Amino acid sequence: MTILLVLAVTILVFIVIFQISKASEYVSVLKGEEKSRKQTNKINAFLMLAFMIVGFIGVWYCNKILYHKTLLWQPAASDHGEKIDTLLWITLWITFAVFILTQFLLFWFSYKYQEKEGKKVFYFAHSNKLEIIWTSVPAVVLAVLIVFGLKYWFEFTGDAPKNALEVEVTGKQFGWIYRYKGADGVFGKKYFKIIDDATNPLGLIWKDNAALGLKDDAKSHDDIVVAQTMYIVKDRPVKLIIGSRDVVHDVGLPHFRLKMDAVPGTPTTMWFTPKYTTAEMKKITKNPDFVYEISCDQMCGNGHYSMKGIIEVVTQAEFDAWLADKSPAYQAAVNSSTNESAPVIAATTTNNVNQKTIVQKQ
Amino acid sequence: MSNEAVLHANIGEAHDVHSNHQTHHHETFITKYVFSQDHKMISKQFLITGMVWAIIGGLFSVLFRLQLGFPDTSFPWLEDILGKWWAEGGHITPQGYYALVTIHGTVLVFFVLTAGLSGTFANFLIPLQVGARDMASPFMNMLSYWFFFIAGIIMLASIFVETGPFSGGWTAYPPLSALGDTSPGSKIGMDLWLISLALFVVSSLLGGLNYIATILNMRTKGMSMTRMPLTVWAMLFTAILGVLSFPVLFSGFILLIFDRNFGTSFYLSDIFIASTNTALPNEGGSAILYQHLFWFLGHPEVYIIMLPAMGMVSEIISVNTRKPIFGYIAMVGSLFAIATLSFLVWAHHMFVTGLNPFLGSIFALLTLLIAIPSSIKVFNWLTTLWRGSIRFSPGMLFALGFVSMFISGGLTGIWMGNATIDIHIHDTYFIIAHFHLVMGVASIFGMFAGVYHWFPKMYGRYMNTTAAYIHFWITLIGAYLIFWPMHYTGLAGMPRRYYDYSIWESFKQFAELNKSISIVVIITFLTQFLFIINFFHSIWRGRKVTSTNPWKSNTLEWTTPINPGHGNWPGEIPEVYRGPYDYGKDGIDFIPQTTPIGAEESGHH
């Protein structure tokens, strides 16, 4: 019923606007087209000026109500993030100044140089001097920005420090699986064709497979596989080795200001040093529910929006305690093959969120 | 006195005589309106088809904004209209949501802002402004439209198949787009999507080759390249971009079709499908290869969309300030620079794919270079306004709106183009704000400017200006209200293409904002119907044009009769003696291109 009402009102508004428009056209014809054109010209020139003023106020107001909801006021949670923030703020101020200047000129000129009786235009077809100025000034400013940008870029994309904690991150529809090296300090080999969602979600090679020509890799026996929540250590560099099991995903870390695609068949890497533990970040953001979230930032299917991972940044001692508590995936799988009823790895992470939210709504 | 009589009391019957000098053969309804080979009719076909697609694409955005703005509200009528697949229980479903955003993007980028914009104005303006009777190949031109039309029909059909239209985002990255088991939209819907866009590429090439041939070979006597209006220059560069880059997209699509249907592994490697619990046999392919092929078109495509708007805006601003465009040669040069650079920046869409960092640095550098010709254009437009005598016709208002949008959206390009900052804001709402302002809204504004400005030439009537003003102001304000706040959501790291943000601690604080944006979207969308109604009403009932040159413009299209027939000029094609921007020269308001250089005239080119 309301929809019909809304529809009726909308159509009515259209008819009214339409009639006004037609009527004003007749009036202008009767009154003299040139005269009424000049009148509306004045109105539009005034509106240009008004739009500029209201627009600038709007920009300020928008900033006022939204600034505290963004990450702009929060410190970046990683060393790389801090540098990105620095460059972001420099770029912000430069582009904002240009924005104000050019928008002001655009709307101010529109108002100031509106058509007026008996005023002659200034014939001005070109000026090499002016054109050289606005070619070279932007070029210099951009050179500064790009020098900064590339300096940081090479730093971020360069090699991770030797003491970095290495974690393998694998995306799948729609969740994340993490792998830590075991006691041997090496990731064992894996092969996607032996993936079994229930027992071996990464396809670690822990037994011979003659059909596929695979040899048991003992180094995989102590690898620890977890889902949903990744633990990393404050002030210790972490290197993520990122892959995907199916389609392209992306490890998005807004609080660390970082992001890297997870591409099937082509591993990628990303490293950074966390600066604050999750507990510290709760205080900084004054949000007791704060968590470092991993958002999938590359369209990966109908559950894309629910592909959430969690990062817990903890101290080294807490991390060691957490890791000690984990048993290697191999052991769990071997146990389960002897005892079928034992549940293994929590590999099914968030892929049911999709259905869950729909059910909730109903 | 009837309305028509009031409007046309002062018009003699003589103006109604249609000039059919060139076409003595009998024209049937079919040859005149359907399979027409007249560039003016084909341009109108492109425009009206583009408008239909713009309504569909816009409506889709309203529907997915309903989900984003009101995720907890049920709209039972949605299910009544769309059915269970799209809107079960009055909520847009995730599969429906992703289908909507994908088709919204595809349709607006390709069908509206490429075919609707280039197809309309390149067709309409090139022959009229260079002084040609028609395109180099009118028949190919007709085929160009009909390939586009069929592409549209197939895209439309894909919306109605059982597993739904393609829903993996308009960029269609494999493996998601290659494997039906990863998403229902990647089943038959994706096959139709690929066929549709392959036909679209054919249409685009047929059109583009024609535009280039016409501009290079069919200019009237005296129309040297440097006397061409900037619109024609822009259309020339647009066509060259399309001809060079669309085939690459086509090859990317062919490989994708092979991967989907014939068991090849161009893009596929190491894939395990959880839903069927199987590992695929494909090994050794690269999903990133597709992204290179796609963006090799995809980035020039942005300029295929932008350049025609830039050209038309330059022309309209010059006419309505009664001043020459400032720095004609610099404007051509910057168009050339933008067109050239647009081929060398595609990988800036791929900074976070694990691209070689050295390669990334080169692409970042080249990307920021584009800011230089762009800033030349902006400052030249501003200088053109300076000390002019501005007439705010609806076309002019939209042209000024274009410049405003281009500045607002263009400046954030400096953020995203710098690879370091891109790592943070890539694929967040920041990029949504950026490209909608600089490419979406700006180009649509260019298109509106073009329609309002050249409508009198198209139909021999004016559009209603009051409705046009209301349309402009609401659209301008609406566009800023929709996209400006998205910079902030982007700076909160909020990812694009999410169906629901409520489960995210980091992004759920924008529920209220999303609601307001959705309301503005609905209002702005409805306002576009003011344009549509005005357009169609004015075709038949608009105030008639009484002079051949209503805007007192210099270019050749205004030397044709009010309603030019096929062939454009009843007699000889006029000869050109000067550039198109002699406004206000030596104190004379305007000097058409057909006026010979006077003995007393100051320096000319």
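The values are calculated or read from the model by the stated rules, or taken from the named source; none is laboratory data. In this text, all values refer to a predicted model and were calculated from it rather than measured experimentally. In this analysis, Cβ positions are derived from the backbone assuming ideal geometry, glycine residues included, and neighbour counts consider all displayed protein chains. Please note that ligands, DNA and RNA were not included when accessible areas were found on the heavy atoms of the full protein model with its side chains. Shrake-Rupley method; radii C 1.70, N 1.55, O 1.52, S 1.80 Å.
Each label was represented as a point 7 Å from its Cα along the Cα-to-Cβ direction; for A:Val6 and B:Asp72 these points are 1.8 nm apart. Each Lys or Arg adds one and each Asp or Glu subtracts one; over the other residues with Cβ under 11 Å from the Cβ of A:Lys207, this totals -2. Residues whose amide H comes within less than 5 Å of that of A:Tyr292, counting only those at least five positions distant or on another chain, are A:Ile311 (H built at 1.01 Å from N in the peptide plane).
Rounded to the nearest 10 degrees, the inclination of helix B:188-217 to the longest alpha-carbon principal axis of chain B is 30 degrees. With a Förster radius of 30 Å applied to the C-beta separation of A:Asp197 and B:Asn261, the computed FRET efficiency comes to 0.65.
Have a look at A:Thr273, A:Thr70, A:Thr91 and tell me which one the Gaussian network model of chain A (Cα, springs below 10 Å) gives the largest fluctuation. Residue with maximal mean-square fluctuation among A:Thr273, A:Thr70, A:Thr91: A:Thr70. Calculated over segment A:31-115, the projected area of the Cα convex hull averaged across directions stands at 7.3 nm².
Other residues lying with their Cβ under 13 Å from the Cβ of B:Gly327 contribute a combined charge of +2, Lys and Arg counting +1, Asp and Glu -1.
Amide H to amide H distances under 5 Å link A:Lys207 with A:Asp217, where only residues 5 or more positions off or on other chains count and H is placed in the peptide plane. Only Cα sites of chain B enter the Debye sum here, all with the same form factor; the resulting log10 I(q)/I(0) across q = 0.07, 0.08, 0.09 1/Å is -0.44, -0.57, -0.72, listed in q order. Taking chain A as a Gaussian network of alpha-carbon nodes connected by springs under 10 Å, the highest mean-square fluctuation of the residues A:Ile241, A:Ile100, A:Ile294 belongs to A:Ile100. For chain B, the Cβ-based charge dipole about the Cα centre amounts to some 1160 debye (Lys, Arg positive; Asp, Glu negative; other atoms uncharged). Annotation: extensible slack from B:Glu601 through B:Thr226 equals 133.1 nm (criterion: 0.36 nm per residue apart, minus Cα-Cα distance). Considering helices alone, the calculated mean residue ellipticity of chain B at 222 nm is -19500 deg cm²/dmol, with DSSP H runs of length four and up weighted by -39500 (n - 2.57) and normalised per residue.
Between B:Ile329 and A:Ala50, the FRET efficiency estimated from the beta carbon spacing at R0 = 56 angstrom works out to 0.95.
Charges were assigned to the Cβ only: +1 to each Lys and Arg, -1 to each Asp and Glu. The resulting dipole of segment B:33-268 about its Cα centre is roughly 1040 debye.
Less than 5 angstrom separates the built amide H of B:Ile390 from those of A:Gln114, A:Glu115, all sequence-distant by 5 or more or on a different chain. One compactness figure for the protein assembly as shown is 0.99, namely its Cα radius of gyration divided by 2.2 N^0.38 Å.
Shape summary: segment B:33-268 maps onto an equivalent ellipsoid whose semi-axes, from the alpha-carbon gyration tensor, are 37, 21, 14 Å in decreasing order.
The phi-based Karplus calculation (6.51 cos²θ - 1.76 cosθ + 1.60; θ = phi - 60°) puts the 3J(HN,Hα) values of segment B:496-503 at 6, 6, 9, 7, 7, 9, 5, 8 Hz, whole numbers, x for Gly and Pro.
As a calculated quantity, the FRET efficiency between A:Lys35 and A:Glu82 at R0 = 45 Å, using C-beta atoms, amounts to about 0.10.
Shown for segment B:266-294: residues covered by the partner protein chains by 50 Å² or more of accessible area relative to the chain by itself (probe radius 1.4 Å), namely B:Asp270, B:Phe272, B:Glu283. Here the Karplus relation 6.51 cos²θ - 1.76 cosθ + 1.60, evaluated at θ = phi - 60°, turns the backbone of segment A:167-183 into coupling constants of 10, 8, 10, 10, x, 8, 6, 10, x, 10, 10, 10, 10, 10, 5, x, 4 Hz, with x for every Gly and Pro. About the centre of its Cα atoms, the protein assembly as shown shows a dipole size close to 2580 debye [charges on the beta carbon of Lys, Arg (+1) and Asp, Glu (-1) only; nearest 20 debye]. A simple spin-label model places pseudo-atoms 7 Å from Cα toward Cβ; at B:Glu27 and B:Ile503 they are separated by 5.9 nm. What net charge do the residues around A:Ala45 carry, taking every other residue with its C-beta under 11 Å from that of A:Ala45, with Lys and Arg at +1 and Asp and Glu at -1? Charge balance in the 11 Å sphere: +4. The ellipsoid equivalent to the alpha-carbon distribution of segment B:305-570 has semi-axes of 37, 25, 14 angstrom, derived from the gyration tensor eigenvalues as √(5λ) and listed largest first. Structure remark: mean-square fluctuation, Gaussian network model of chain A, C-alpha springs under 10 Å; the largest value among A:Ala211, A:Ala183, A:Ala324 belongs to A:Ala211. Which entries of A:Lys22/A:Lys120; A:Lys151/A:Lys219; A:Lys64/A:Lys275; A:Lys308/B:Lys187; A:Lys215/A:Lys275 have Cα-Cα distances beyond 30 Å here? Result: A:Lys22/A:Lys120; A:Lys151/A:Lys219; A:Lys215/A:Lys275 exceed 30 Å. Between A:Ala23 and B:Thr546, the simple label model (points 7 Å from Cα in the Cβ direction) yields a spacing of 2.4 nm. Taking B:Lys40 as the anchor, which aspartates and glutamates have their alpha carbon closer than 16 Å to its alpha carbon, excluding any fewer than eight residues away along the same chain? Of all the aspartates and glutamates, those that pass the test against B:Lys40 - Cα under 16 Å, at least 8 places apart if same chain - are B:Glu27, B:Asp134, B:Glu557. Quotient of the Cα radius of gyration of segment B:199-309 and 2.2 N^0.38 Å, N being its number of residues: 1.51. Per residue of chain A, the DSSP helices (runs of n ≥ 4 H) give a summed -39500 (n - 2.57) that works out to -15500 deg cm²/dmol at 222 nm. Beyond 29 Å, what share of the Cα-Cα pairs of chain A is found? Please give it as a whole percent. Counting pairs separated by more than 29 Å, the tail of P(r) holds 62 percent.
All alpha carbon pair distances within segment A:199-323 were sorted into 5 Å bins beginning at 0; the resulting P(r) in whole percents reads 2, 9, 15, 20, 19, 15, 11, 5, 2, 1, 0, 0.
For segment B:268-273, 3J(HN,Hα) computed residue by residue from phi via the Karplus equation (6.51, -1.76, 1.60; θ = phi - 60°) reads 10, 6, 6, 10, 10, 9 Hz, glycine and proline entered as x. Annotation for the A:B interface, with buried accessible surface near 11500 Å², both sides summed [1.4 Å probe; non-protein components not counted].
Loop sites by DSSP among the GluC sites (Glu not before Pro) of chain B, restricted to those with at most 11 other Cβ atoms within 10 angstrom, leave B:163-571 as the longest stretch without any of them. Which part of segment A:33-63 falls in the paramagnetic zone of A:Glu117, meaning amide N under 20 Å from the point 7 Å along Cα-to-beta-carbon? The answer is A:33-46. Looking at segment A:253-323, the trypsin sites (Lys or Arg not before Pro) that sit in a DSSP loop and have at most 12 other Cβ atoms within 10 Å of their own Cβ are A:Lys286.
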